[in-house]
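The values are calculated or read from the model by the stated rules, or taken from the named source; none is laboratory data. Values in this document were obtained by computation on a predicted structure and should not be read as measured data. Neighbour counts are summed over all protein chains in view; Cβ atoms, including those assigned to glycine, are modelled from backbone coordinates with ideal geometry.
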Amino acid sequence: MAAKIKKGDRVVLLAGKDKGKTGNVTRVWPKDERVLVGGINIVQRHTKPSQGDPQGGIKNKEAPVHVSNVAIVDSKGKPTRVGFRMDGDKKVRFAKSTGEVI
């Protein structure tokens, strides 16, 4: 099955505490249907001091979000759904709102 959202795509968050914010997809877990978006869904983790991090303390990090809560941003800056079509002999993704190839 082809991926509608891939690494490097510009997406907007549709739900949650960061609703409306945009960012780039940095990692994708297709099996878990989750994506990691840069600068979105920041959570705090309390870490013990270790050899790699002698200070420890409260660290901020990005948490993955479900793929259904993000949408690709089209050329006009609006969220859009993704479709697939054949462009010659190649399968391409396109924005449903504008019809442009992503």
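A compact table of results
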item: Residue under evaluation residue 33, criteria (1) crowded, with 16+ Cβ neighbours inside 10 Å; (2) closer than 22 Å to residue 92 by Cα; (3) of a type in the set (Asp, Glu), criterion not met; result: (1)
item: Identity of the residue in region 53-102, modelled with pLDDT under 95, in a loop (DSSP other than H, G, I, E, B) and within 16 Å of the chain's Cα centre (by Cα), that ends up surrounded by the fewest Cβ atoms within 10 Å (Cβ to Cβ); result: 77
item: Region 39-76: number of residues that are touching a strand residue (DSSP E or B) at 6+ places or on another chain (Cβ under 8 Å) and touching a residue at least 12 places away in the same chain (Cβ under 8 Å); result: 26
